[in-house]
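Heads up: the structure comes next, in structure tokens.
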Amino acid sequence: MTLTEEYSFGGDRILTCMVPSYEEIVISLLTKLANEKKNFQFSHQIGGRWENSYLSVDLVPSVRVPMRLARNLVKEKWGISTIVLFEPLAGSNMPHPPFWFNIANVGEKTGIHDHAKLAIISGVVYLQCNSDCGELFFTKNGYDDLLITPEEGKMVLFPSSLKHGVQVNKSAKNRISLAFNLFPFPLPSVEW
């Protein structure tokens with residue numbers, strides 16, 4: 001059983017937990033990221049940095065572990081059935097898989113955004129972080145921001161429509177995280 005902590009924020013729920021055996025997953029993913037930089041695909045630059053770095057699931061197979069855990073926790077804790085996808089959604093205009101890596105150098109941040117286009121639940125798993133690397137924050141009109149401190153191996157799950165960002169990395173090393181989206185089950189039969 002995975003120990004979880006839940007937050008209530010303006011009518012939305014946010015779930016955190018430590019990924020079981022996260023040390024092995026973190027080492028595996030950080031090693032793969034270092035070795036596969038030449039295979040990164042990127043979606044967009046913000047503030048002079050590539051916001052999302054994509055790799056094929058064949059190159060980083062251990063992403064399956066936290067993403068499947070997320071699917072199971074969301075079903076168990078919130079009663080929400082989701083689909084985990086490791087490839088771009090067929091028939092959609094999404095050219096990349098629905099998981100990516102964020103690598104924030106010292107002085108970089110992630111601006112306020114959401115993932116509401118197709119996803120229902122979004123998540124992040126911290127792979128490399130230390131104090132002052134920038135807190136994840138959730139924001140909503142009429143509420144003080146909810147801050148969550150990154151911790152290696154911590155997973156945070158939240159509704160994809162919830163606005164969020166990450167504060168400036170003021171630490172001495174890069175902040176690296178795995179982010180992903182889960183989709184409603186069954187998938188709606190609409191034009192993607």
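Values for this structure:
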quantity: Tally, over region 82-105, of residues that are under 18 Å from Leu33 (Cβ atoms), modelled with pLDDT under 90 and surrounded by fewer than 19 Cβ atoms within 10 Å (Cβ to Cβ); calculated: 2
quantity: Condition check for Ser177: closer than 25 Å to Asp12 by Cα, touching a Leu at 6+ places or on another chain (Cβ under 7 Å) and either of a type in the set (Ser, Thr, Tyr) or in contact (Cβ under 8 Å) with a residue 24 or more places away in the chain (or both); calculated: yes
quantity: Hey, Arg71 in contact (Cβ under 8 Å) with a residue 60 or more places away in the chain and under 15 Å from the mean Cα position of the chain (by Cα) or not; calculated: yes
quantity: Residue among Glu108, Glu76, Glu5 that alone is at pLDDT below 95 and either among the charged types (D, E, K, R) or assigned to a strand (DSSP E or B) (or both); calculated: Glu108
quantity: Residue count, region 135-189 (criterion: surrounded by fewer than 22 Cβ atoms within 10 Å (Cβ to Cβ), more than 22 Å from Pro98 (Cβ to Cβ) and not hydrophobic (A, V, I, L, M, F, W, C)); calculated: 16
quantity: Test: residue in region 52-59 that is at pLDDT 90 or above and in a helix (DSSP H, G or I); calculated: no
quantity: Qualifying residues in region 29-51 (those that are at pLDDT below 95 and among the polar types (S, T, N, Q)) - the one farthest from His96 (Cα to Cα); calculated: Asn35
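The values are calculated or read from the model by the stated rules, or taken from the named source; none is laboratory data. Here the structure is a predicted model, which is why all the values come from computation and not from measurement. For neighbour counting, all protein chains shown are included, and Cβ atoms are generated from backbone atoms with ideal geometry for every residue, glycine included.
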